[in-house]
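Read-outs throughout are calculated quantities, based only on the coordinates presented, and are distinct from any laboratory measurement. Values in this document were obtained by computation on a predicted structure and should not be read as measured data. So basically every Cβ, Gly included, is an ideal-geometry build from the backbone, and we count neighbours across all protein chains shown.
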Amino acid sequence: MKISVITISYNAAETIEDTIQSVLSQTYQDIEYILIDGGSRDETMDIVEKYRDRIDVIISESDDGIYDAMNKGIKYATGDVIAILNADDTFTSKHVIETAAKRLVELNCDTLYGDLVYVKRENDNKVVRKWISGKFRRDAFLRGWMPPHPTFFVKREVYLKYGAFNTRLKISADYEFMLRILFKENVSTVYLPETLVKMKAGGQSNNSLKNRLRANLEDRLSWELNGLRPLAFTLWRKPFRKIGQFILR
């Protein structure tokens, strides 16, 4: 089973090398690596060039945002399963893809997700937030639940059948995609109870009150686009679920 890993980058010179090395160090043998850059103006592509002979597809050009870039990567992907690891993220060990692939085959599932930790940008050993996903329950979406998208492994045929990311959404397209396939279409999934990805803190949807409010509006639109109706408290419980994930020291 071939696994396609897509990395999205833009002006990511400070972090891109860690991400690339995280993918290239995986023990799983059948990996296709795709890097989609948004036309970086810093040294990102100079770093990428060091690994050109080990990256299957490299594209650097302007795009219409992160989800447009993800869709571009999906179009290039030829693997049976697609994972997306962005330039602020790293796999937690060299065995992540091997473990995920084994579980997908064993249980014959269409998707898989795990746990994620947020780490300080200046020290990726300093965990500031731990996202423990828990076993899948479809109705959990009504209580504001979602799995962490950077840990999400999806069979390519799912994208072909149900579509990729809706670029009308600039912050919550990953939520809309998972809501669409897991809740609306009831695509099979499995929870891998391991921390699969480290993400540097300060993501787009959470780095300001303005973006958090926009994300909430886009979350609501995600339900509407799918002809679904959340409960009265669903969309407000979603951000509040995150409070318990923070680690106070």
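What the table shows:
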| quantity | calculated |
| --- | --- |
| Degrees separating the helix 96-107 axis from the principal Cα axis of the chain, which is the longest one | 50 degrees |
| Extended-chain gain in nm, criterion 0.36 nm per residue less alpha-carbon gap, residue 93 and residue 17 | 25.8 nm |
| Helix axis angle, 66-76 relative to the chain longest principal axis, alpha carbon, degrees | 60 degrees |
| Share antiparallel - DSSP beta bridges, the chain, percent rounded to 5 | 40 percent |
| Folded to 0 to 90 degrees: helix 209-225 orientation relative to the chain principal axis, Cα | 70 degrees |
| Potential lengthening between residue 58 and residue 132 on full extension [0.36 nm per residue; Cα-Cα distance subtracted] | 23.4 nm |
| Contact order relative to length of the stretch 3-245, as percent, for alpha carbon pairs under 8 angstrom and 6 or more apart | 22 percent |
| Gained length - residue 120 relative to residue 225, 0.36 nm times residue gap less alpha-carbon distance | 34.3 nm |
| Estimated inter-spin distance, residue 139 and residue 29, nm [label 7 Å along Cα→Cβ] | 4.6 nm |
| Spin-label proximity, residue 106 to the stretch 12-30 - amide N less than 14 Å from point 7 Å beyond Cα toward beta carbon | none |
| Total charge dipole magnitude, the chain, about the Cα centre, Cβ charges on Lys, Arg, Asp, Glu only, Debye to nearest 20 | 1440 debye |
| Reachable lysines from residue 242, criterion Cα separation under 24 angstrom, eight or more residues apart if same chain | 120, 126, 130, 135, 170, 184, 198, 200, 210 |
